[in-house]
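Let me begin by presenting the structure, written as structure tokens, before commenting on it.
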Amino acid sequence: MNEHRSQDKPFDIPKWVVWEAFQRVKANKGAAGVDGQSIEDFERDRDRNLYRIWNRMSSGSYFPPPVRAVEIPKSGGGVRVLGVPTVADRVAQTVAAMYLERKVEPAFHEDSYGYRPNRSALDAVGKCRERCWKFDWVVDLDIQKFFDSVPWELMLKAVSHHIDMDRRWILLYVERWLHAPLRQTDGKITVRDRGTPQGSAISPVLANLFMHYAFDAWMEREFPDLPFERYVDDAVVHCKTERQAQMLVLVIGRRMRRVGLSLHPGKPRSCTAGTGGGGSSPSTPLSPSSATRSGPAPLPTGTGGSSRRSCPRSAKTPSRRSALKCGAGGCTCMERIRWTNSHDGSTRSCGAG
């Protein structure tokens, strides 16, 4: 694996890139795919296996095997289906992902946080908390079955926009990976016509690329004054007024349908978040303590200069949502979140103002 390139191949894929991709796959560990080959098994004939991947990819003759479907129970009931490629296919996908990430990463929006270098869900929570002191309302969004629903035509169009002629092999293999069937737990082969398996090495960058054009760039173009934080298929958009938030719910729903997606039933929801009429953040930072469910607790209304503190998501459970129901007499908190002052240990509840 010491040669850097071969002039007699249609696609220039250096061997050292395949080697680096294998090192990443090995570090990430992971289960065996449909062939039952573990990383340890792959390593027993490592050089020959890596050469076979390089030779086929650089020749244009690499075709991915089916992806093994694995069902993961959800905490709220039901299952999430993950796709587990073979070790060799994970190496091949990582080769393409390394090139594609380098192309698309500079174009991504600064408020996209999922699957990106040096970014995390807690970074998104911190930025959301900061903005909640400036905007009174937020819209909480979740794409329904995103990884199962992404339309291939639009995905390939987004990939092709960032690929030069000398890297056209990336588009070729992305299309083949999208078409790779799923082998279910009972051995049945399922042919897919949309989506990208959650759990594959190429899916994170593809998901971010699709949502960049479907949501991030669209929001920046259509609503440049409304900031947001997005973590893959979850997003929070900050609004000034309730009317603006309710309007945005409808408009974003229409946008998602136009790009072949749909919002999760029961979401999006708009809720109060931030100080009334804007304001500065408290001098002592607040850190999440616990989340408990309780009956409706009305927020104070008609109290002149009183302010409503923000209700950011818990940093320990970034995906947890607080739902506030808006009525004529103010807003009612359906899920009260307790917050602890990190300096003096005192607590406050967002349902209590």
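Looking at (1) touching an Asp or Glu at 6+ places or on another chain (Cβ under 9 Å); (2) open to solvent by 20 Å² or more (accessible area, probe 1.4 Å), which is the one condition that is false for residue 159?
It is condition (2) that residue 159 fails.
Does residue 41 meet the test of being part of a helix (DSSP H, G or I), open to solvent by 50 Å² or more (accessible area, probe 1.4 Å) and closer than 24 Å to residue 182 by Cβ?
Yes; evaluated as a whole, the condition is true for this residue.
Please determine whether any residue of the range 150-165 is over 15 Å from the mean Cα position of the chain (by Cα), more than 30 Å from residue 241 (Cβ to Cβ) and of a type in the set (Val, Ile, Thr).
The answer is yes, given that some residue of the range 150-165 is over 15 Å from the mean Cα position of the chain (by Cα), more than 30 Å from residue 241 (Cβ to Cβ) and of a type in the set (Val, Ile, Thr).
Could you run through the range 100-110 and say how many residues are open to solvent by 20 Å² or more (accessible area, probe 1.4 Å) and either of a type in the set (S, T, N, Q) or more than 17 Å from residue 217 (Cα to Cα) (or both)?
The total comes to 2.
Of the residues 200, 160, which is part of a helix (DSSP H, G or I) and among the polar types (S, T, N, Q)?
From the options 200, 160, the qualifying one is 160.
For residue 29, are the conditions met, namely being open to solvent by 80 Å² or more (accessible area, probe 1.4 Å) and either under 17 Å from residue 177 (Cβ atoms) or in contact with a helix residue (DSSP H, G or I) (Cβ under 9 Å, 6 or more places away or on another chain) (or both)?
Against the criterion (open to solvent by 80 Å² or more (accessible area, probe 1.4 Å) and either under 17 Å from residue 177 (Cβ atoms) or in contact with a helix residue (DSSP H, G or I) (Cβ under 9 Å, 6 or more places away or on another chain) (or both)), residue 29 qualifies.
Would you say residue 99 is on the phi > 0 side of the Ramachandran plot and modelled with pLDDT of 90 or more?
no
Select from the range 54-95 the residues that are part of a strand (DSSP E or B) and open to solvent by less than 20 Å² (accessible area, probe 1.4 Å) and list them in ascending order.
67, 69, 83, listed by residue number.
Is there a residue in the range 142-153 that is open to solvent by 30 Å² or more (accessible area, probe 1.4 Å), outside any loop (DSSP other than H, G, I, E, B) and more than 24 Å from residue 192 (Cβ to Cβ)?
no
Checking residue 77 against (1) within 19 Å of the chain's Cα centre (by Cα); (2) more than 27 Å from residue 18 (Cα to Cα), only one condition comes out false. Which one?
Condition (1) is where residue 77 drops out.
Taking the range 61-92 only, how many residues are in contact with a strand residue (DSSP E or B) (Cβ under 6 Å, 6 or more places away or on another chain) and either within 15 Å of residue 181 (Cβ to Cβ) or not charged (D, E, K, R) (or both)?
Within the range 61-92, residues that are in contact with a strand residue (DSSP E or B) (Cβ under 6 Å, 6 or more places away or on another chain) and either within 15 Å of residue 181 (Cβ to Cβ) or not charged (D, E, K, R) (or both) number 13.
Please count how many residues of the range 111-141 are of a type in the set (S, T, N, Q) and either surrounded by fewer than 16 Cβ atoms within 10 Å (Cβ to Cβ) or touching a Gly at 6+ places or on another chain (Cβ under 7 Å) (or both).
The qualifying residues number 2.
If you check 185, 196, which single one turns out to be open to solvent by 40 Å² or more (accessible area, probe 1.4 Å) and among the hydroxyl-bearing types (Ser, Thr, Tyr)?
Exactly one of 185, 196 is open to solvent by 40 Å² or more (accessible area, probe 1.4 Å) and among the hydroxyl-bearing types (Ser, Thr, Tyr), namely 185.
The values are calculated or read from the model by the stated rules, or taken from the named source; none is laboratory data. Model, not experiment: these values are computed from the prediction. Every residue, glycine as well, gets a Cβ built from its backbone with ideal geometry; the counts of neighbours run over all protein chains shown. SASA here: full protein model, heavy atoms, side chains in, ligands and nucleic acids out. Shrake-Rupley method; radii C 1.70, N 1.55, O 1.52, S 1.80 Å.
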